[in-house]
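Chemist: First, the structure itself, so that you have it in front of you.
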Amino acid sequence: MSSEEKKDKYLQYGGQAVIEGVMMRSPRYFAVACRKPDGQIVVQEEPVDRSIVGKFLWMNRPLLRGTLALIDAMALGMKALKFAADVQTQSLGGPDTQSAPATVAVNGNGAAATAEPAKDHKINDYKDHKINDYVVGGTMVFSICFGIALFVALPTLLTQAAQYFGGLPHGLGLSRGQQIELNLVDGVVRMAIFLGYIGLISRLDAIRRVFQFHGAEHKAINTLEAGEPLTPENCMRESRIHPRCGTSFIIVVLLASILVHSVLPRPPFYFTRLALHIALIPVVAGISYEIIKLAGRYRHSAIMRTLLAPGLWSQRLTTREPDVEHVEVAIAALQAVLAREKAHDAGVPEAQSPLPLEVAEPSAAIA
């Protein structure tokens with residue numbers, strides 16, 4: 001496999017922090033690793049095409065895949081969060097349900113302790129995921145509505161209030177320069193609300209711990225992309241900042257929305273303007289995703305790092321320096337998808353594919 005092909009494949013590896021754990025995804029699989037209160041790590045993995053995301057793969061095209069990335073992050077993220085919450089609930093003595101065969105317990109040093117399914121927490125097999133998909137779908141709809149209300153409707157409303165109290169003309173009386181200025185104000189207010197929201201929730205102890213797992217996820221991905229063995233020592237030496245982070249993506253989306261709306265006329269009526277903002281979300285997401293993908297490919301370019309500096313700075317808010325215990329969980333999740341990818345490339349049937357968590361050379365595992 002050429003270096004360019006490796007770069008393209010690396011761009012399909014990523015993850016997300018969850019409650020006491022990390023979700024990692026590869027081109028074909030995603031895995032969630034969580035640490036139980038007793039210190040044991042449990043891992044569950046599933047093919048991506050069995051999830052909600054698999055239904056939208058027709059969108060995996062330039063400028064369309066930005067919207068797919070949003071659906072991807074939300075759908076897999078909701079499933080990962082549900083699994084993580086189930087692990088903690090069952091560990092505290094909640095009702096037990098059936099366990100899935102693709103679950104592995106991992107001891108405290110990141111090595112596989114047993115290939116037996118964990119029996120003390122809830123895990124849904126794929127045949128039960130129809131109900132789970134409905135739950136995930138409903139949560140996604142609520143999250144989208146909440147995000148639109150907080151980051152689209154509210155900034156637009158505040159800008160209209162500023163327009164009214166600032167004595168600017170209403171309706172069609174705005175000059176082109178005034179329209180651009182108000183669109184810029186829209187973007188600045190939207191950015192301030194987002195950063196303020198992140199800063200506010202980061203004061204919570206539980207969120208700070210999630211942010212440590214977020215940092216651990218970045219360190220594991222950085223180690224993978226560096227071609228180093230996935231060991232806690234190697235991961236701890238890596239940066240907790242990554243150019244393809246979801247936080248950077250959101251910042252790029254916010255900046256791209258300012259540029260896109262600045263070149264368009266500003267509708268005079270609030271609900272028309274709000275509808276335009278919503279309609280252009282796929283366009284803005286598509287542009288932003290291509291920028292983030294280029295950032296991942298040319299991450300060491302001084303020009304690219306300068307352009308993405310705001311997104312990289314914002315990760316100081318959404319990540320915290322992890323401890324070894326956080327990194328071990330991230331490694332377990334990443335090794336799970338690497339092992340599945342390696343078995344798939346070797347032609348091993350999925351039903352017969354083991355879930356080894358010892359992958360000495362990650363670069364070789366995806367070659």
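No lab work stands behind these numbers, since they all come straight from the coordinates. Model, not experiment: these values are computed from the prediction. We place every Cβ from the backbone using ideal geometry, glycine too, and count neighbours over all the protein chains shown.
Chemist: Sort 324-334, 153-163, 241-251 by packing, meaning the average of other beta carbons within 10 Å per residue, with the highest value first.
Modeler: Taking the mean over residues of other Cβ atoms within 10 Å, the ranking is 324-334, 241-251, 153-163.
Chemist: What are the ³J(HN,Hα) values, in whole Hz, obtained from phi via the Karplus relation 6.51 cos²θ - 1.76 cosθ + 1.60 with θ = phi - 60°, for each residue of the range 149-158 in sequence order, with x given for Gly and Pro?
Modeler: 5, 7, 9, 10, 5, 5, x, 5, 5, 5
Chemist: Can I ask one more? Give a residue-ordered list of calculated ³J(HN,Hα) values for the range 269-281 (Karplus: 6.51 cos²θ - 1.76 cosθ + 1.60, θ = phi - 60°; whole Hz; x for Gly, Pro).
Modeler: Here the 3J(HN,Hα) series is 9, 4, 5, 5, 5, 4, 4, 5, 4, 5, 5, 8, 4 Hz.
Chemist: Further question: Read phi for every residue in the range 248-259 and hand back ³J(HN,Hα) as whole Hz from Karplus 6.51 cos²θ - 1.76 cosθ + 1.60, θ = phi - 60°, with x for Gly and Pro.
Modeler: Coupling constants for the range 248-259: 4, 4, 5, 4, 5, 4, 5, 5, 5, 5, 4, 5 Hz.
Chemist: Something else about it: Does anything in the range 232-259 have its amide N under 12 Å from the 7 Å Cα→Cβ label point of I201, and if so which residues?
Modeler: What the label zone holds, given the 12 Å backbone N cut-off, is 247.
Chemist: Further question: Can you give the extra length, in nm with one decimal, that the chain gains between L264 and L154 once fully stretched, where that is 0.36 nm per residue apart less the Cα-Cα distance? Don't skip to the answer; put the middle values down first.
Modeler: Values: separation 110, 0.36 × 110 = 39.60 nm, distance 2.00 nm.
My answer for the length gained is 37.6 nm.
Chemist: On full extension of the chain, what length is gained from F142 through H300, given 0.36 nm per residue of separation minus the C-alpha to C-alpha distance?
Modeler: Numbers: separation 158, 0.36 × 158 = 56.88 nm, distance 3.78 nm.
Roughly 53.1 nm would be gained on extension.
Chemist: Between G14 and residues 5 or more places away or on another chain, which pairs have amide H atoms under 5 Å apart, with H built 1.01 Å from N, and which residues are they?
Modeler: Amide H to amide H, under 5 Å and 5 or more residues apart or across chains, G14 pairs with R25.
Chemist: Quote the FRET efficiency, to the nearest 0.05, computed for R316 versus A226 with a Förster distance R0 of 25 Å and r equal to the Cβ-Cβ distance.
Modeler: 0.70
Chemist: In nm, what is the difference between 0.36 nm times the number of residues separating F271 and V283 and their Cα-Cα distance?
Modeler: Extending this stretch completely gives an extra 2.4 nm.
Chemist: Roughly how many nanometres apart are two label points built 7 Å out from the Cα toward the Cβ at R176 and S239?
Modeler: In this crude spin-label approximation the distance works out to 4.0 nm.
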